[in-house]
There are 2 protein chains.
Amino acid sequence: MTQGRQLHLGAILEGVGTDQYSWRDPALPGDASIDIDWYIRNAQLAEEARFDLVFIVDSPFITPDTAPHFLNRLEPLTLLSAVATHTRRIGLVGTLTTSYWEPYNVARQFGSLDHISRGRAGWNVVTTGLEGAARNYGRDEHFDHAERYERAHEFVDVVRGLWDSYEDDAFPRDKVRGIFLDKAKQHRLDHHGRFFRVDGPLALSRSRQGQPVIFQAGDSAAGRDLGAAIADGTFAAAQDFESAQQYYADLKGRAAALGRNPDHIVVLPGLFPILAETDEEAQAIARREHEALDFDKLLVQLGRAFNYHDFSQYDPDAPFPDLTGVTLNSYKGHAERIIATARDKQLTLREAAYQLGQWRTSFVGSPETVADEIERWFVGRAADGFNLRVTRPGDFALFRERVVPILQHRGLFRTDYTADTLRGHLGIPVPSNRHAAPVESRSDDLVPAE
Amino acid sequence: MTQGRQLHLGAILEGVGTDQYSWRDPALPGDASIDIDWYIRNAQLAEEARFDLVFIVDSPFITPDTAPHFLNRLEPLTLLSAVATHTRRIGLVGTLTTSYWEPYNVARQFGSLDHISRGRAGWNVVTTGLEGAARNYGRDEHFDHAERYERAHEFVDVVRGLWDSYEDDAFPRDKVRGIFLDKAKQHRLDHHGRFFRVDGPLALSRSRQGQPVIFQAGDSAAGRDLGAAIADGTFAAAQDFESAQQYYADLKGRAAALGRNPDHIVVLPGLFPILAETDEEAQAIARREHEALDFDKLLVQLGRAFNYHDFSQYDPDAPFPDLTGVTLNSYKGHAERIIATARDKQLTLREAAYQLGQWRTSFVGSPETVADEIERWFVGRAADGFNLRVTRPGDFALFRERVVPILQHRGLFRTDYTADTLRGHLGIPVPSNRHAAPVESRSDDLVPAE
């Protein structure tokens, strides 16, 4: 069968979850977020279902009111390195901030994960939304939003430069003649920029996929510009079909304007499906969960986009408060969308909290209905695929066993892997080494037409 | 059998090696240093031989003349996380510098490794010897030696404080009543020190061994003071029996002077044995390897302790040069010992390079002879055990299959594990959480008398 454009699926392994109720599922171990076996098992399940990748979200700041999974969890790089050797094909994407790390250490750790996984590593570049993170890293104030994004551009440039420290044939390892390294093929970076000075070289050669895949999730104008410039994939939350379509066209347009092939930046919004045998059952579940939500916790979740702005100070049944004067220095794109949506739909604070507080795209219905909705977004260029939040075992099983086969039957999703690197799964070319003589981009890891 | 004091053994997994010739061994894969399967296999072999731990050395700076293993290798945290899930008992110790990392990130990654390994993580605290590292981290100049050690003290304090962010019963995870966290048992650190400000808390609970084990390898006065203050184990190179005895007594004395139990800081010098069936064969091998050494490379190795000071500028057959005016800001303790030894023994530069350039303790002989030497150092309180450099498969096999059984037969080394945490293997108590009500130190993970 000749196949056209194909869906991509990721699994956000979120342990006990970032919502209010997932952790209370009797089938989910209460310590899932710190149990490496939970991550390995779910990565293997995602691999059996032929997912492109697993995804680990992150943030370097918590309070006592932080959501359960965020409170106590394994760190992404160590976690993914352990998962790497218990999987063979699936991509391994971890979140790490450019605001509070050193580029040299980031380049080493993701480069090392890329070797450990034999070419399946990905880095979700974030700039950190919550201002409190600054005080875990020696600063009184968080970096300003614009500066964060300028740092991120330079940071990623440095890391990519370090990843090219060795040409691919730099190590003859000729035991007879005694030549381990061809010294001419080790390159210093000598980067002296506005934010970073890094001489290099990195003590690590390139992996089978050349460099780890870069993801980015920013949704503000600065976030989209960063994604368009540096990302092989994006992971921004989508509120609804129309806004997702607009984001998709806007992001790919920005990439094209920079001279990039827009097909080489895949758009994978997060997805939190509510599945049951029938639409009616699924809607009943969604209704029950909605009614069980704790309003105070919802206000905290809503406030998170505004650096934990205290929304409990307002009348919940008055119109959404005027936030003029509140600096949007956290999750700026998301905060702007909440304000705009509340204004356009004339929501009360209570309505806004229930509709917008949970930060997620939720498809509700039977497997057929959810598959229809996935296809609609995919065909309508609102997404190139989805990143599925994995917490409760029953929900994940229904998706793998009921939704995925429908997508495969429709020819939208692979029935087997055709590559064994993350770039290969995503159809993203291997970048040539900046120091090597120009050659055709290697194509052996790309998804071939069947 | 009632056993007294027991030897501890570590395996330094060094891939293709940091000496001149190990990588040319036909039995050693040329890419061992970047092949996770090589590390997993050797960690499993060390575990089968009942070693206490595997050890990963590190340094964040290279040049084209750096030794083979250092040129291109996996990063310690990612490497050890992958090894963790393929072993069950052996400790996992990685090197990481306090000069160019953030304490919050270090606390998270080692804490995470400690969960992934179920209580087997250890951190070898270093301050970075080579000045070029500064230029990979945005600085023109390396930190001064004294300042590096002051930073290290505070850095480790911060990390240990972060590791105690949660009391051990902080997470009731009561699904029925809906209580995930007991908020009173989450603690901020609010550290505001000379070098670091870190508010916390860390998003990670403690592991089965309470906190990762701390190692330290500094040999200068400042290094010994740091080790005596913070370390559960040290890993300093030893030149000979007498200087090792002096170091041992000095370090334990410094620890006792700080009110610590000197038995709770284990001294494990590195060991590079040259083994063969007979003493004569082993000595012949040692002689051949010695004669095959490239003198220019030896001078580079000698110069490494002096921040790659260029020794090729001196007459090799004149007395060891006067280095007055050369700042000892790299591996200061080692550099001071080279100078003192060369002076005391009236060595030429050539002799010093051959005798001192390779930075290692080498026992040469048959398995019986090497076991005798190990016992002599152990009984004579020159060491509590050794960290064995693992590169060439044949050497490691001889040690495991021939030397270890002799040590076991003599009652010096365990024949099976009696604990399953690194603290348990080393006989180091689990630290109580600083926020918990005082209780007796937990003893279930300690090595019981048999």
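Matching residues to (1) closer than 26 Å to A:Ala222 by Cα; (2) open to solvent by 30 Å² or more (accessible area, probe 1.4 Å); (3) acidic (Asp, Glu):
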residue	(1), (2), (3)
A:Ala282	no, no, no
A:Ala292	no, yes, no
A:Gly303	yes, no, no
A:Leu347	no, no, no
A:Thr361	yes, no, no
A:Val364	no, yes, no
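Here A:Gln44 fulfils each of the conditions (1) buried (at least 23 other Cβ atoms within 10 Å of the Cβ); (2) away from every other protein chain (no Cβ under 12 Å); (3) among the polar types (S, T, N, Q) apart from (1). Please go through region B:102-157 and give me each residue that is at pLDDT below 95 and aliphatic (A, V, I, L, M), ordered by number. Of everything in region B:102-157, those that are at pLDDT below 95 and aliphatic (A, V, I, L, M) turn out to be B:Val126, B:Leu130, B:Ala133, B:Ala134, B:Ala146.
Kindly indicate whether A:Arg120 is of a type in the set (Lys, Arg), in contact with a strand residue (DSSP E or B) (Cβ under 9 Å, 6 or more places away or on another chain) and more than 9 Å from chain B (Cβ to nearest Cβ). So A:Arg120 passes the test. So, A:Leu356, is that one hydrophobic (A, V, I, L, M, F, W, C), modelled with pLDDT under 95 and surrounded by 14 or more Cβ atoms within 10 Å (Cβ to Cβ) or not? Judged against the criteria, A:Leu356 is a match. The set of residues in region A:136-153 being more than 12 Å from A:Ser99 (Cβ to Cβ) and either out of contact with any strand residue (DSSP E or B) (no Cβ under 9 Å at 6 or more places or on another chain) or touching a residue at least 40 places away in the same chain (Cβ under 8 Å) (or both) consists of A:Ala146, A:His153.
Kindly check whether there is at least one residue in region B:106-115 that is more than 20 Å from the chain's Cα centre (by Cα) and farther than 30 Å from A:Leu71 by Cβ. No, that holds for no residue.
Could we say that B:Pro316 is at pLDDT 90 or above, of a type outside the set (Val, Ile, Thr), touching a Lys or Arg at 6+ places or on another chain (Cβ under 8 Å) and assigned by TED's automatic domain parsing to the domain that holds B:Gly17 here?
Considered against the rule, which asks whether it is at pLDDT 90 or above, of a type outside the set (Val, Ile, Thr), touching a Lys or Arg at 6+ places or on another chain (Cβ under 8 Å) and assigned by TED's automatic domain parsing to the domain that holds B:Gly17, B:Pro316 comes out as no.
A single member of A:Ala228, A:Ala221 is of a type in the set (A, V, I, L, M, F, W, C) and open to solvent by less than 20 Å² (accessible area, probe 1.4 Å), and it is A:Ala228. Summed over region B:161-177, the residues that are open to solvent by 50 Å² or more (accessible area, probe 1.4 Å) and within 22 Å of the chain's Cα centre (by Cα) give a count of 0. Across region B:16-35, not a single residue is classified as within 12 Å of chain A (Cβ to nearest Cβ), open to solvent by less than 10 Å² (accessible area, probe 1.4 Å) and among the basic types (Lys, Arg). Among the residues examined, B:Ala342 qualifies as surrounded by 15 or more Cβ atoms within 10 Å (Cβ to Cβ), assigned to a helix (DSSP H, G or I) and more than 24 Å from the chain's Cα centre (by Cα). Checking every residue in region B:187-205 against the condition of being of a type in the set (S, T, N, Q) and outside any loop (DSSP other than H, G, I, E, B) gives zero matches.
Return a yes/no flag: does region B:219-234 have any residue that is polar (S, T, N, Q) and within 14 Å of another protein chain (Cβ to nearest Cβ).
No, every residue in region B:219-234 fails to be polar (S, T, N, Q) and within 14 Å of another protein chain (Cβ to nearest Cβ).
Take the conditions (1) free of Cβ contacts under 8 Å to residues at least 60 places away in the same chain; (2) within 18 Å of A:Ser81 (Cα to Cα); B:Phe55 misses just one of them, which is (1).
The residue that is least open to solvent (accessible area, probe 1.4 Å), counting only those in region A:178-209 that are under 19 Å from B:Ala32 (Cα atoms) and more than 7 Å from chain B (Cβ to nearest Cβ), is A:Leu202. Selection within region A:78-111: residues that are of a type in the set (Phe, Trp, Tyr) and out of contact with any strand residue (DSSP E or B) (no Cβ under 8 Å at 6 or more places or on another chain). The member of this set that is farthest from B:Ile62 (Cα to Cα) is A:Tyr100.
Of all residues in region A:251-269, exactly one satisfies the criterion of being under 15 Å from A:Gly380 (Cβ atoms) and either open to solvent by 50 Å² or more (accessible area, probe 1.4 Å) or β-branched (Val, Ile, Thr) (or both), namely A:Val267.
Residues in region A:1-37 that are under 10 Å from A:Pro68 (Cβ atoms) and touching a Pro at 6+ places or on another chain (Cβ under 7 Å): A:Val16, A:Gly17, A:Trp23.
Restricting A:Ala203, A:Ala257, A:Ala249 to residues that are more than 30 Å from B:Lys297 (Cβ to Cβ) and in contact (Cβ under 8 Å) with a residue 40 or more places away in the chain narrows the list to A:Ala249. The single residue among B:Arg381, B:Arg337 that is at positive phi, within 22 Å of the chain's Cα centre (by Cα), charged (D, E, K, R) and open to solvent by 10 Å² or more (accessible area, probe 1.4 Å) turns out to be B:Arg381.
The number of residues in region A:394-433 being free of Cβ contacts under 8 Å to residues at least 60 places away in the same chain, surrounded by fewer than 16 Cβ atoms within 10 Å (Cβ to Cβ) and outside any helix (DSSP H, G or I) comes to 1. Among the residues of region A:50-80, those identified as more than 14 Å from chain B (Cβ to nearest Cβ) and open to solvent by less than 10 Å² (accessible area, probe 1.4 Å) are A:Phe51, A:Asp52, A:Leu53, A:Val54, A:Phe55.
Taking the criterion of being crowded, with 24+ Cβ neighbours inside 10 Å and within 13 Å of chain B (Cβ to nearest Cβ), the residues of region A:129-157 that qualify are A:Asn136, A:His142, A:Phe155.
The values are calculated or read from the model by the stated rules, or taken from the named source; none is laboratory data. Since we're looking at a predicted model, the values are computed, not measured. Quick reminder, even Gly has a Cβ in these numbers, built from the backbone with ideal geometry, and neighbours come from all protein chains shown. Areas reflect the complete protein model, heavy atoms only, side chains present, ligands, DNA and RNA absent. Shrake-Rupley method; radii C 1.70, N 1.55, O 1.52, S 1.80 Å.
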